[in-house]
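One structure is given here, and the rest of the page talks about it.
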Amino acid sequence: MGILSKIFTWWDGATIGTMLWSTMNGEHVGTDAQGNKYYRSARRKTPEGYEKRWVIYDGANDASHVPSEWHGWLHHSYDDVPQSHLPPPRIWEADYTPNATGTAMAYRPQGALERGGKRARATGDYEAWSPEG
């Protein structure tokens with residue numbers, strides 16, 4: 001299924017057409033820690049004055065895989081590649097974790113249907129509203 005999935009599917013990495021177009025019309029400018037590859041158009045400027053920039057994801061096409069520094073570059077916040085704009089890493093910074101929404105690893109609070117649908121009764125200072133008063 002490998003070559004067929006690269007021809008017909010776009011949601012799990014780039015198709016063959018995208019890879020060919022990127023190789024012929026793009027200039028590879030960098031790769032981030034997750035393995036995503038970043039390109040800009042070889043012609044550099046569009047008629048509006050911008051250069052076209054894009055990312056080819058390493059794995060599933062999920063925008064949350066783009067680190068903030070590369071997001072800024074993709075959206076023309078600055079012209080140079082992000083390595084020239086990065087501050088030194090802080091000791092308290094956590095590594096990237098993918099967005100788990102919609103997966104088995106997603107957060108399920110107490111009372112969620114996936115956890116049995118039973119939640120603790122309200123206690124303490126909670127008083128139910130009644131229309132009488």
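Details
- In region 24-62, GluC sites (Glu not before Pro) in a DSSP loop with at most 11 other beta-carbon atoms within 10 Å: E48
- A crude spin-label estimate for the pair R53 and A33, with each label 7 Å from Cα along the Cβ direction, gives 2.0 nm.
- Of the trypsin sites (Lys or Arg not before Pro) found in region 81-133, the ones in coil according to DSSP and having at most 13 other Cβ atoms within 10 Å of their Cβ are R90, K118, R119, R121.
- Residues with amide H under 5 Å from that of N61, placed H, sequence gap 5 or more: D12, G13
- Theoretical gain in end-to-end length, A63 to L20 [0.36 nm per residue, Cα-Cα removed]: 13.3 nm
- In the chain, the calculated helix contribution to ellipticity at 222 nm averages -5000 deg cm²/dmol per residue, counting -39,500 (n - 2.57) for every DSSP H run with n ≥ 4.
- FRET efficiency, 1/(1 + (r/R0)^6) with R0 22 Å, evaluated for H71 and A42 via beta carbons: 0.45
- Axis angle, to the nearest 10 degrees, between helix 16-25 and the longest C-alpha principal axis of the chain: 50 degrees.
- Net length gained if the chain between A128 and D80 were fully extended (0.36 nm per residue, minus Cα distance): 11.5 nm
Just so you know, all these numbers are worked out from the coordinates, no wet-lab data involved. Source: prediction; values computed, not measured. FYI the Cβ positions are ideal-geometry reconstructions off the backbone, even for glycines, and counts take in every protein chain you see.
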